[in-house]
1. For all pairs of alpha-carbon atoms in region 2-51, what percent lies in each bin of width 5 Å, listed from the first bin to the last filled one?
2. Which distance in nm do the two modelled labels at Arg3 and Val49 give, with both placed 7 Å along the Cα-to-Cβ direction?
3. Output wanted: per-residue J couplings in Hz (rounded whole) for region 45-51, from phi through Karplus 6.51 cos²θ - 1.76 cosθ + 1.60, θ = phi - 60°, x for Gly and Pro.
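No value in this document is a laboratory result; all are computed from the given coordinates. Keep in mind it's a predicted model, so treat the numbers as computed, not measured. Note that each Cβ is placed from the backbone with ideal geometry, even for glycine, and that neighbours are counted across all protein chains shown.
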Amino acid sequence: MKRRVRQYSLVMGVCLVLFAGSLPVYHLFGTGWAVAMCVVASFLPPVAVTLGNLGDPDDPSDRDNRYGPNAD
């Protein structure tokens, strides 16, 4: 479970940094770079949710999956 939380937190942290960093980038480099950062950041939450919901095959206590090697 720790691996899933760590991956989710890392991807969402990158998402927040991209969104928050787009304002200074807008003032320093222009609109194109800021919009590009926001577009990339908008695709990261679904990726984070997918990574957070994947089961860990190496963790025997991770049995909340319906299918896969740890299915009951």
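1. 5, 25, 25, 18, 12, 9, 5, 1
2. 2.3 nm
3. Per-residue couplings from phi come out as x, x, 5, 5, 5, 4, 5 Hz.
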